[in-house]
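Inspection log for the structure reproduced underneath, given as structure tokens.
What follows draws every value from the coordinates through simple rules; no lab data is involved. What you see is a predicted model; the values in this text were computed from it and never measured. Ideal geometry is used to build each Cβ from the backbone, glycine not excepted, and the neighbour counts take in all protein chains shown.
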Amino acid sequence: MQRYLKLPPRLNRKIGQVMHDYGMLADGDRVMVGVSGGIDSMALAWVLKMWQEKAPIRFEVKGQIIDYGFWRQHEGMAGPEVSIGRQLEKFSIDYNIDEAWKIDNEDRTCFQCARNRRSQLFDLARERGFNKIAFGHHKDDLIETFFLNILYSGNISTMLPRQKLFDGSFSIIRPFAYIEKKEVIEIATSLKISPVANLCPLADKTRRETVRKLLDYLYSEEPAGKQSIFAALANVRQEYML
């Protein structure tokens with residue numbers, strides 16, 4: 001079965017390193033994987049399933065799909081139980097599907113939708129006894145979030161590889177934090193994962209997309225910039241900040 005494919009050693013090392021550096025998994029963990037249908041989250045679900053089978057600890061992995069209804073509104077498009085679910089089933093990954101909390105269309109923004117999804121995942125995790133939620137955010141996402149917060153929120157911050165919440169009783173983990181988008185694509189390609197189209201009408205009109213284009217230009221002018229920016233996230237000299 002495809003789930004028995006192995007990660008390239010360099011990617012295995014990077015993912016293993018971030019898991020070790022941030023203590024992402026422990027014996028007895030129940031991990032919910034937020035699966036959106038993109039290659040990042042589906043590749044992560046496979047990586048955690050593969051890790052589950054070889055790790056010296058015992059932990060549970062279960063996918064969680066939030067159904068916004070966009071797929072069902074388009075003729076010829078299958079619902080997430082087909083387009084996403086069947087791909088997870090290839091890797092023997094269990095999953096749940098829940099209908100998204102409603103947002104009035106006139107009030108819908110990307111920020112509100114993301115916050116709504118995050119809150120719903122927290123509620124579902126607590127309700128079903130999961131102590132960790134895994135997201136497929138990678139190195140490029142962390143850098144983009146850093147610039148989003150500088151440009152639009154007036155603060156210097158980003159997503160953490162592991163973020164403890166609720167007095168440490170619950171954590172968000174991001175096992176792809178040390179690898180780039182192109183490396184996630186490499187994993188997904190080897191698994192023959194087919195990304196599910198994001199049919200949200202606002203998908204291509206986000207601030208993140210604007211920042212992504214700015215960074216693409218920056219990297220084209222300074223190819224070493226990405227690694228330097230990422231290193232800077234862990235090298236903040238607070239005595240030289242206002």
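A few notes on this one:
- DSSP finds beta bridges in the chain, and of those with both partners inside it, around 20 percent are antiparallel.
- Near Gly28, once Lys and Arg are set to +1 and Asp and Glu to -1 for all other residues with Cβ below 12 Å from its Cβ, the sum equals 0.
- Rounded to the nearest 0.05, the FRET efficiency derived from the C-beta distance between Arg10 and Glu99 at R0 = 35 Å is 0.30.
- Options Gly154, Ala234, Phe166, ranked by Cα towards positive dipole end of segment 7-240, top entry (Cβ charges): Ala234
- In a simple Cβ point-charge model (Lys, Arg +1; Asp, Glu -1; nothing else charged), segment 128-209 has a dipole of about 240 debye relative to its Cα centre.
- Under-5 Å amide H pairs with Val33, H placed in peptide plane, nonlocal only: Lys62, Gly63, Gln64, Ala134
- Using C-alpha pairs under 8 Å with a sequence gap of at least 6, the mean separation divided by the residue count of the chain gives a relative contact order of 25 percent.
- The length gained by stretching the chain between Ala78 and Asp123 to full extension, at 0.36 nm per residue less their Cα-Cα distance, is 13.5 nm.
- Put simply, when 216-229, 51-64 are sorted by average Cβ atoms within 10 angstrom per residue, most first, you get 51-64, 216-229.
- Partners of Lys102 within straight-line reach, counting aspartates and glutamates whose Cα lies under 14 Å from its Cα and excluding those fewer than 8 residues away in the same chain: Asp67.
- Relative to the current alpha-carbon distance between Glu221 and Val236, full extension at 0.36 nm per residue lengthens the span by 3.0 nm.
- Cβ charges +1 (Lys, Arg) and -1 (Asp, Glu), total dipole of segment 7-240, debye: 440 debye
- Within the chain, helix-based [θ] at 222 nm, where runs of 4 or more DSSP H residues each add -39,500 (n - 2.57), nearest 500: -13000 deg cm²/dmol
- Evaluating 6.51 cos²θ - 1.76 cosθ + 1.60 at θ = phi - 60° for every residue in segment 19-35, the Karplus couplings come out as 4, 6, 4, 10, x, 6, 10, 9, 4, x, 4, 10, 10, 8, 9, x, 10 Hz, glycine and proline recorded as x.
- Estimated translational D of the chain in µm²/s (Stokes, Kirkwood radius over Cα pairs; 20 °C; 1.002 mPa s): 112 µm²/s
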